[in-house]
Structure formats: C-alpha cells, structure tokens
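A quick write-up on the structure given underneath.
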Amino acid sequence: MTTGAPTPTYPARPRRSRLRTFLPLGVAAWLVLEIWLLTVVAGASSGFTVFLLLLAGFVCGAAVIKKAGRRAFQNLNEALQRGGTPQSGGGNGLLMLGGLLLMIPGLISDAVGLLLLIPPVQKALSRFTERALDRKLREAGPGSFGDAFQQVRIHRPDGKVVQGEVIRDEPGGDTPQTPRPPLTR
C-alpha cells in the first residue's frame, strides 16, 4: 500500500579514512610477519632460544616501563611541590612505548622498542610528532576539536586564569536561557 509520500533520502555515508581501512590489514600482516620470523629463528637455533629471547624482552620492557614511570612520577611530584606544572615529558612517553613494545612477544616489536630507547631517535620522533600535531591543529576548521584545543591554549602571559562566558549565536535562539552559575576554581 502506498501513501504517496516520497521515500526519505538519507545523506551519503561519509567515506572511511585510509587509516581505518588499512589498519586491520596492517595489524594482521604484522602478526603474520612476527610469527613467521619467530618460526625462522626457532628453526635456525632452537625453540628454547626463542623462548629466552622473548622472556628477556619481557623482563627488559618491564624494567624500562618501571623506570620511566618512576621518573615521570618524580617529575610530577617535584613540579607540584614547586607550585607549577611539569615541564615537557622528557621522553617518558616514548620510553614507556619502547618498554611496551619490548614486552609484546615478537622480534620486530622488540627491535622497534629497542630503537625507541635510543635518545636521538626519541628526540627526532618527538619533534616530528609535535610538528605534525601542531600542523593538524592549525589546519582544523572552526567548530572542530582542534579549534577548541586552540582556544583552550590561549592564556595570559602571567599565567592567570580569566573567567568568562561562552555565548553561542545560534539561528532561532531567541528563547531565553536559564542563567548558569559562574565558574570557580
């Protein structure tokens, strides 16, 4: 039975990003490569040698994560005692990532984890990541998450917080809004 009403038209689905499309394929390829490399090494030496390599990687990764976490906690504690905020992370995040990659079973992840423990590699990677993130935030359009992040980063040079109110100009917004309490610390 037809009513004569037109069928609803839905907007076209947004296109999936390349990262969301190829990430599962990349993870699957990485896992297959890790397993293949472990079998090759086990065939060349012995299964016990591979077990010792994986165990050594796990123990070293746990030690690296513990050291980096302790250093990050110490930096945070010192900054809070000074009454300020912590300086830059000092590479603790990359150290923790390197330790995590060491803990993941596999020889490729161990090699990448060991590479992340080298200070010049950490500095180069952190500079690259910072520039890429800054570029993405500058390219962000108005109303996006990056735009909101840029607005939050605006502060006075003396570090004081300026309280304010956000007023949205919305079409058809003539209806009065209930007043909201002021923001306090």
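Brief remarks on what is shown
- The set of residues in the stretch 112-121 being hydrophobic (A, V, I, L, M, F, W, C), open to solvent by 60 Å² or more (accessible area, probe 1.4 Å) and outside any loop (DSSP other than H, G, I, E, B) consists of Val112, Leu114, Leu115.
- A Cβ distance below 7 Å, combined with a sequence gap of six or more or placement on separate chains, defines the contacts here; from the stretch 32-60, residues that are closer than 10 Å to Pro105 by Cβ reach residues that are open to solvent by 80 Å² or more (accessible area, probe 1.4 Å) in the pairs Leu54/Pro105.
- Scope the stretch 108-138; condition farther than 13 Å from Leu94 by Cα and touching a residue at least 40 places away in the same chain (Cβ under 8 Å); matching residues: Ile108, Ser109, Asp110
- Meets criteria (modelled with pLDDT of 90 or more, under 16 Å from Ser126 (Cβ atoms), open to solvent by less than 90 Å² (accessible area, probe 1.4 Å) and out of contact with any Cys (no Cβ under 9 Å at 6 or more places or on another chain)) for Leu94: no
- Among residues of the stretch 122-134, those that are open to solvent by 100 Å² or more (accessible area, probe 1.4 Å) and under 16 Å from the mean Cα position of the chain (by Cα), counted: 5
- Tallying residues that are among the β-branched types (Val, Ile, Thr) and open to solvent by less than 50 Å² (accessible area, probe 1.4 Å) within the stretch 28-42 yields 1.
- Among residues of the stretch 68-79 that are at negative phi and among the aliphatic types (A, V, I, L, M), those with a Cβ under 9 angstrom from a residue that is at pLDDT below 80 and surrounded by fewer than 13 Cβ atoms within 10 Å (Cβ to Cβ), sequence gap 6+ or separate chain, pair up as Ala79/Thr85; Ala79/Gln87.
- Test for Phe73: is it aromatic (Phe, Trp, Tyr) and under 21 Å from the mean Cα position of the chain (by Cα): yes
- Counting the residues of the stretch 43-79 that are open to solvent by less than 80 Å² (accessible area, probe 1.4 Å) and either at pLDDT below 90 or of a type in the set (Val, Ile, Thr) (or both) gives 13.
The values are calculated or read from the model by the stated rules, or taken from the named source; none is laboratory data. Bear in mind the structure is a predicted one, so any value in this text is a computation, not a measurement. Note that we place each Cβ from the backbone using ideal geometry, even for glycine, and neighbour counts take in every protein chain shown. To get the accessible areas, we keep the full protein, side chains included, count just its heavy atoms, and leave off ligands, DNA and RNA. Shrake-Rupley method; radii C 1.70, N 1.55, O 1.52, S 1.80 Å.
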